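Following: one structure in structure tokens, then a few remarks.
The values are calculated or read from the model by the stated rules, or taken from the named source; none is laboratory data. Model, not experiment: these values are computed from the prediction. Neighbour counts are summed over all protein chains in view; Cβ atoms, including those assigned to glycine, are modelled from backbone coordinates with ideal geometry. Note: accessible area is taken over every heavy atom of the protein model, side chains too, but ligands, DNA and RNA are not part of it. Shrake-Rupley method; radii C 1.70, N 1.55, O 1.52, S 1.80 Å.
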Amino acid sequence: MSWASNDRYIALIAKGQEFNFSEEDVTVKRLLDDAAPPPKVILALLTNALPTQLANNSQRQSPWFFASNLHYVVRHKQHQNGYQEIICCKVRPMSCRGIFAQHLQPSTTTFSSREAHFYEGKLVGRARNKPSFDLDNASQTLAKNTEGAYLNLPIFRADKSRAPAYEVSAKSPEKFQRSRLGALTLFLSDFHKAYGRMAKIELRSFQAKQANLNKRDIDTDYKKLIELLSGKPIMLIDSSEDAAAKDMLAKALAERGVSICSELSSQDGAILHIVKPKDFYESSKLNDPYPELRSRFPKAAIQSCTNESIHLDNSYVTDVLFTELIVKSEIAQGKLLADYPSLPAELIFMLATKHPDKDKKSSIWLCAQVTDQQLKLWEASQTEIVQAFSSATKAQLQRLDSSKKEFPYVIYDSHNEQLMLLEDTQAIAIPNHVELTKLLGQIEHDRQKTVPISLVHEFLTDHPLGPDLASTLEPLLARALGGQLEVDDVAKVHHRSRAEIAFHEHLAKHGHMLNTSLRGKDGPLGGMRDIWYVPDQGLYCAGSKDSPQQTTENFSHIYHLDHAGMSFPDWFISSLQVWHIRHRNPTKIPFVFKHLHEFQKLLPPMTFSAASDEPSA
């Protein structure tokens, strides 16, 4: 297997194998000791070679594809037109941002029938230069072939099938293998099978501090936030010409005590703007209504939403509209209206963005500062940029200089003349996958057996909590056949009350683990909640406010704060405990960066789409 970078081409070959090149300008030499490739190159080579290594393993059982990389099949999808899609997960080693480390990136990719990409007898443009593959059903091997039956493309451009980050259910333990975390677990197992003690991947774990999030406090604070808009008139403008959507939104406003006005009483008032989806304006070649509305009300807080999202009739959508409108009202008025954690006045938060003039390839820096609830937003002058960056350490300057497309977030402490760089490392926080896989495997195994009624009788008569569950268990006993209970009937007993938990613990003790706490605080997914941070390394992760959902679509990322070798400043962790930026969950970065991102969208002469203004609820 090979790996190329600039003028170097590194190949991984079997020990004892010889390579001969006819080209005179190619030299072959072994790379040893200091001349050896860096660890990230070696890991990439070993990962690319994994399908070949596993092909020699006749004990291989899990479904995989030998395409350009190792692909784990998570789902087969049959379309009405007869074409097929194969949804796969792949795992790639990647370099982290901001720290000298690597992370494993589990992602989803789709293979589809090659025939689905023909139009008028020819392959469509996006499929024309894509390699094609043939599938061997017996070995589940997908190999390159010039006229192969599959392409590494979804059938419809906008319909990109995804596998969830993880799906954990005691009732359906097999679903875990169809998630990205399940694929990552298989990858680690396969890597060990392929290389044994020759090479290994070690995942880092941390002794972290934890900032607990109280759901009751969050709900109370969120209610106060919604009350900020109660009694204040909001102008409702419908550019979608959807009377039903307008009526539904007006009703939702009235239920929250918000009145609708026909005209703004002040230039910095608030507007909810109903539009059609972005693709409607693109396909029909109609003008986007947002720029005209912005020109009419240059100082107003405008929040757009599509008529389609309103028709979902979901209070979550309405709440997000409100909270987005609060942030934009704060920008328009130049002051914080909600109850935020305090920030030192000497802090200047800086965000890099492309120059609004498309002819200029340079970047500009936008700044935010909070002083006594007053919010100041501006574009930094060259003098201010030089002053801030003059406080950077050598390593920080190197990081800023090496940033081409994505600069880190910058925080400048003007009082102490210190610079902080904040980045998403792209590394993901995962639960205890070893314990999780073991528990789910045990549950899946035990669900193949029936449950003796003697175990249930024993719990009812001998356990102190047995009588509390009598009304639930006695009907099950009445349906028993041959002294045995169907496992599906027993598994339906919940795992919530003390008696239910005790019952399942009793069964597990006797070899019938059918249900257990997977997503609870003390379960294998318990580490995915709250905020945890490692002060001496500047690493942190903002999880959920309570137990993860059974199906979790996205992983939480690990962030890094470069504070010139120092720990997190006192204000930092509390600045994440703001609930309306991520809708009842903590923010990933200090809350004021949300205001900077919204301020960025208002920069002239950049064109701005109404549909892109809609929150990603």
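If I model a spin label at residue 143 and residue 522 as a point 7 Å from the Cα along the Cα→Cβ vector, what separation in nanometres do I get?
Result: 5.3 nm between the two label points.
If you take the beta carbon distance between residue 378 and residue 457 as r and set R0 to 60 Å, what does 1/(1 + (r/R0)^6) give as a FRET efficiency, to the nearest 0.05?
It comes to 0.20.
Determine the gain in length on full extension of the stretch residue 209-residue 115; use 0.36 nm per residue of separation and subtract their C-alpha separation, reporting nm with one decimal.
28.4 nm
Which value, in Å², gives the accessible area per residue of the chain when a 1.4 Å probe is used on the protein heavy atoms?
I get 54 Å² per residue for the chain.
Compute the label zone of residue 311 within region 238-272: residues whose backbone N is under 19 Å from the point 7 Å along Cα-to-Cβ.
Taking a point 7 Å out along Cα→Cβ of residue 311, the residues of region 238-272 whose backbone N falls under 19 Å are 238-252.
Give, as ranges by residue number, the residues of region 309-351 whose backbone N falls under 17 Å from the point 7 Å along Cα→Cβ of residue 417.
346-348
Under the rule of -39500 (n - 2.57) per DSSP H run of 4 or more residues, summed and divided by the residues of the chain, what mean residue ellipticity at 222 nm is obtained, to the nearest 500 deg cm²/dmol?
About -8500 deg cm²/dmol.
Please list, in order along region 151-157, the HN-Hα scalar couplings obtained from phi with the Karplus expression 6.51 cos²θ - 1.76 cosθ + 1.60 (θ = phi - 60°), rounded to whole Hz, x for Gly and Pro.
Taking θ as phi minus 60°, the curve returns 10, 7, 8, x, 5, 10, 4 Hz for region 151-157.
Under a crude label model (7 Å from the Cα following the beta-carbon direction), how far is residue 479 from residue 394 in nanometres?
Distance between label points: 7.3 nm.
Report, in whole Å, the centroid distance computed from the Cα atoms of region 88-105 and region 250-287.
Taking the Cα centre of region 250-287 as reference, the centre of region 88-105 is 42 Å away.
Within the accessible area of region 215-333, what % is carbon and sulfur when the probe is 1.4 Å and the other protein chains stay in place?
49 percent
Report ³J(HN,Hα) in whole Hz for each residue of region 404-417, in order, from the Karplus equation J = 6.51 cos²θ - 1.76 cosθ + 1.60 where θ = phi - 60°; Gly and Pro get x.
With coefficients 6.51, -1.76 and 1.60, one gets 9, 9, 10, 7, x, 5, 10, 10, 10, 8, 5, 6, 8, 6 Hz.
Given a Förster radius of 35 Å and the C-beta distance between residue 468 and residue 570 as r, what FRET efficiency does 1/(1 + (r/R0)^6) yield to the nearest 0.05?
0.15
Give me a comma-separated list of calculated 3J(HN,Hα) values for region 170-185, in order, Karplus coefficients 6.51, -1.76, 1.60 applied at θ = phi - 60°, integers in Hz, x for any Gly or Pro.
Once rounded to whole Hz, the list reads 5, 6, 9, x, 5, 5, 4, 5, 9, 10, 5, 5, x, 5, 5, 5.
Could you pull out every residue, at least 5 positions away or on a different chain, whose amide H is within less than 5 Å of the one on residue 314? Hs are placed 1.01 Å off N in the peptide plane, and Pro or chain starts have none.
It is none; the list stays empty.
Report the relative contact order of the chain, percent, no decimals, based on alpha-carbon pairs under 8 angstrom and at least 6 residues apart.
Reported relative contact order: 14 percent.
Here is the link list: 354/594; 215/601; 299/376; 90/354. Which ones come out longer than 22 Å on Cα distance?
In this structure, 215/601; 90/354 exceed 22 Å between Cα atoms.
Could you pull the accessible area for residue 124 with a 1.4 Å probe, rounded to 10 Å²?
Here the accessible area works out near 50 Å².
What do you get for trypsin sites (Lys or Arg not before Pro) in region 201-269 restricted to DSSP loop and a cutoff of at most 12 other Cβ within 10 Å of the site's Cβ?
204
Sorted by packing (mean other beta-carbon atoms within 10 Å per residue), highest first, where do 517-524, 590-597 land?
Going from most to least packed, we get 590-597, 517-524.
For residue 306, which sequence-distant residues (separation of 5 or more, or a different chain) have an amide H within less than 5 Å of its own amide H, given hydrogens modelled in the peptide plane?
Correct list: 275.
Which shape class applies to region 298-342: rounded if a/c is under 1.5, otherwise prolate when a/b exceeds b/c and oblate if not, where a ≥ b ≥ c are the square roots of the Cα gyration tensor eigenvalues?
Because a/c hits 1.5 or more and a/b fails to exceed b/c, region 298-342 counts as oblate.
So what's the gap between the Cα centers of region 448-498 and region 542-567, to the nearest angstrom?
40 Å
Mind listing the long-range amide H neighbours of residue 75? Cut-off is under 5 Å, sequence gap 5 or more, other chains count too, H placed in the peptide plane at 1.01 Å from N.
Amide H to amide H, under 5 Å and 5 or more residues apart or across chains, residue 75 pairs with 87.
Report the label-to-label distance for residue 404 and residue 488 in nanometres (one decimal), using points 7 Å from each Cα along the Cα→Cβ vector.
5.6 nm
Could you look at region 393-448 and say what percent of its accessible area is carbon and sulfur, using a 1.4 Å probe and all protein chains?
Result for region 393-448: 48 percent of the exposed heavy-atom area is carbon or sulfur.
What shape does region 267-318 have by the C-alpha gyration tensor, where a ≥ b ≥ c are the square roots of the eigenvalues, rounded means a/c under 1.5, and otherwise prolate means a/b greater than b/c and oblate the rest?
oblate
Let's test the formula: R0 of 41 Å, r as the Cβ-Cβ distance of residue 355 and residue 77. What FRET efficiency results, to the nearest 0.05?
0.45
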